[in-house]
Amino acid sequence: MAKKAEKISSNSKRSFLKILFLSVMGISFGGVVYPIIRYLSPLSQQQAVEKIEIIKDEVPIGKARFFTYKGSPAVIIQTKAGFTALSAVCTHLGCIVKWLEDKGEFQCPCHAGRFDTTGKVLSGPPPNPLPQIAVAESGAKIVIG
Amino acid sequence: MELIKDINKKLLDWLDERYDARQWIRENLTDKLVHKHINWLYCFGGLSFLGFLLQIGTGIFLMMYYIPTPKDALASVQNIANNVPFGWLFQRLHSVGANVVNLLVMFHMLRVLYHGAYKKPREFQWVSGVFLLLITMAMSFTGYLLPWTQLSYWGATIGTEMPGATPIVGEWLVQLIRGSAQITGITLTRFYAIHVVVLPLTLIAFLGIHFLMIRKVGISGPM
């Protein structure tokens with residue numbers, strides 16, 4: 001009986017030490033890996049700006065102005081119907097669309113995907129329309145986002 | 001736990017069948033005999049190597065944010081130290097680590113000198129070791145310019161002026177190292193290329209020779 005008790009206690013000591021060892025190893029490993037992952041992750045302040053203001057006169061009818069919204073390229077155009085802001089990232093494989101002023105549509109230079117002024121796909125491989133971004137007019141400025 | 005042991009055994013069996021893994025481990029690790037007199041003084045060579053590995057690791061991380069132009073160098077280093085998450089850690093590790101590696105290399109050299117471990121048959125160990133010391137110091141010197149601070153700039157000016165004392169070719173040598181009459185952006189990119197490519201590759205080559213020879217000849221015997 002006494003022998004058995006001794007065996008159990010030595011076993012639990014061993015397993016305690018094993019758990020202790022593995023915990024210390026795990027914490028040390030995490031202490032090295034966590035800073036590395038944080039260091040390599042993109043900076044948070046790059047996406048910090050939520051709203052962008054653009055002066056109306058910079059976007060006449062039929063013209064487009066490109067800007068960066070939440071770290072990605074975006075575009076604003078003025079048509080007779082008003083201002084429209086769209087993501088400028090093609091929904092096919094992520095190239096940046098061009099504004100064709102004479103045709104009044106967007107074209108992706110990579111695989112010739114075409115979009116109309118509301119972002120709807122006219123032809124080509126893009127599976128989805130260009131996402132719209134909220135636009136509000138305030139005096140001489142346009143607030144995007 | 002049993003599962004891990006099982007996987008370990010299967011992995012070792014697999015490697016054993018192909019590469020004699022267990023025997024290799026026995027010969028080089030578990031059954032390898034070393035002199036009884038080995039003490040902590042013999043650690044400095046290995047510690048220098050560990051420090052070098054740490055410099056490579058932190059150096060690669062710094063390269064990801066560092067911009068080697070006169071306009072951006074200081075700003076990019078300040079960005080690493082102040083804005084990038086844990087950037088201060090890797091920047092400090094790299095700059096303080098450089099000093100530590102130099103100290104460890106010196107201690108290693110003094111230990112070898114004190115024990116007379118450079119004598120036959122280890123003469124070339126010493127020679128390759130001296131080259132390793134020179135490369136380590138060249139590493140420190142080229143790395144010192146990269147943050148492009150006042151200290152860096154004038155430190156590099158003084159350091160590159162010294163070869164000018166060489167008879168006849170002195171002036172030409174100074175211009176060759178700087179790439180221009182004074183320290184300029186050309187010197188910065190030149191030192192950057194030497195610091196991150198030329199010297200590390202040379203260092204690894206000499207380390208290879210250094211390690212192969214000590215494996216062949218063995219650690220020196222008691223005094």
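Multiply the residue gap between residue B:27 and residue B:103 by 0.36 nm, knock off their C-alpha separation, and tell me the result in nm, one decimal place.
Gain on extension, residue B:27 to residue B:103, equals 24.1 nm.
Where does helix A:2-40 land angle-wise versus the long Cα axis of chain A, in degrees 0 to 90, nearest 10?
The angle comes out at about 20 degrees.
Per the 1.4 Å probe, what fraction of the accessible area of the protein assembly as shown, in percent, lies on carbon and sulfur atoms?
Taking all protein chains in place, the protein assembly as shown shows 67 percent carbon and sulfur surface.
Between residue B:181 and residue A:55, take the C-beta separation as r, use R0 = 41 Å, and let me know the FRET efficiency to the nearest 0.05.
0.30
Pop out the ³J(HN,Hα) list for the stretch B:135-146 in order, Karplus 6.51 cos²θ - 1.76 cosθ + 1.60 with θ = phi - 60°, rounded to Hz; leave Gly and Pro as x.
Each residue of the stretch B:135-146 in turn: 5, 4, 5, 5, 4, 4, 5, 5, x, 5, 6, 4 Hz.
Name all residues of the stretch B:181-223 having a backbone nitrogen under 13 Å from the label point set 7 Å from the Cα of residue B:36 along its Cα→Cβ direction, giving them as ranges.
Under cut-off, by backbone N: B:222.
Under a Cβ-only charge scheme (Lys and Arg +1, Asp and Glu -1), can you give me the dipole magnitude of the stretch A:47-144 about the Cα centre, in debye to the nearest 20?
Taking the Cα centre of the stretch A:47-144 as origin, the dipole is about 100 debye.
Cross-link candidates for residue B:216: which aspartates and glutamates have Cα within less than 19 Å, leaving aside residues fewer than 8 places away along the same chain?
Excluding near neighbours in sequence, the set is B:27, B:31, B:123.
Pairwise over distinct Cα atoms, reciprocal of the mean inverse distance: report the Kirkwood radius of the stretch B:114-198 in Å, one decimal place.
14.5 Å
Whole-Hz Karplus ³J(HN,Hα) for the stretch B:111-124, in order, using 6.51 cos²θ - 1.76 cosθ + 1.60 and θ = phi - 60°, x for Gly and Pro?
Values per residue, Gly and Pro as x: 4, 4, 5, 4, 7, x, 6, 7, 6, 3, x, 10, 4, 6 Hz.
What average count of beta carbons from other chains do you get within 10 Å of the Cβ of residues in B:187-198?
Counting other chains' Cβ atoms within 10 Å and averaging over B:187-198 gives 0.
Average the reciprocal distances over every distinct pair of alpha-carbons in the stretch B:39-217, invert the result, and give the Kirkwood radius in Å.
Value: 17.7 Å, from the Cα pair sum.
Just the Cα atoms of the stretch B:28-97: what Rg and Dmax do they give in Å?
Cα only, the stretch B:28-97: 18.2, 57 Å (Rg, Dmax).
Below 30 Å, Cα to Cα, which lysines can residue A:120 reach? Residues fewer than 8 away in the same chain don't count.
A:51, A:56, A:63, A:70, A:80, A:98, A:103, A:141
Where does the protein assembly as shown land at 222 nm, in deg cm²/dmol rounded to the nearest 500, when only DSSP H runs of n ≥ 4 count, each adding -39500 (n - 2.57), divided by all residues?
-17500 deg cm²/dmol
From zero outward in steps of 10 Å, how is the percent of C-alpha pairs of the protein assembly as shown spread across the bins?
Bins of 10 Å from zero give 4, 14, 16, 18, 17, 14, 10, 6, 2, 0 percent of pairs.
Would you mind counting up the charge near residue A:138? Only other residues with Cβ under 13 Å from its Cβ, with Lys and Arg at +1 and Asp and Glu at -1.
Around residue A:138, the surrounding residues sum to +1.
The stretch A:47-144: percent of C-alpha pairs farther apart than 20 Å?
Roughly 33 percent, once rounded to a whole number.
Label point 7 Å out from residue A:67 along Cα-to-Cβ: which residues of the stretch A:113-143 have amide N under 15 Å?
Those under the cut-off are A:133-143.
Return one whole number: the accessible area per residue of the stretch A:47-144 in Å², for a 1.4 Å probe.
Using a 1.4 Å probe on heavy atoms only, each residue of the stretch A:47-144 averages 55 Å².
The values are calculated or read from the model by the stated rules, or taken from the named source; none is laboratory data. Note that the structure is a prediction, hence the values are computed from the model and not measured. Cβ atoms come from the backbone with ideal geometry, glycine included; neighbour counts cover every protein chain shown. Ligands, DNA and RNA are stripped out before the accessible areas are found, and what is left, the full protein with its side chains, is counted by its heavy atoms. Shrake-Rupley method; radii C 1.70, N 1.55, O 1.52, S 1.80 Å.
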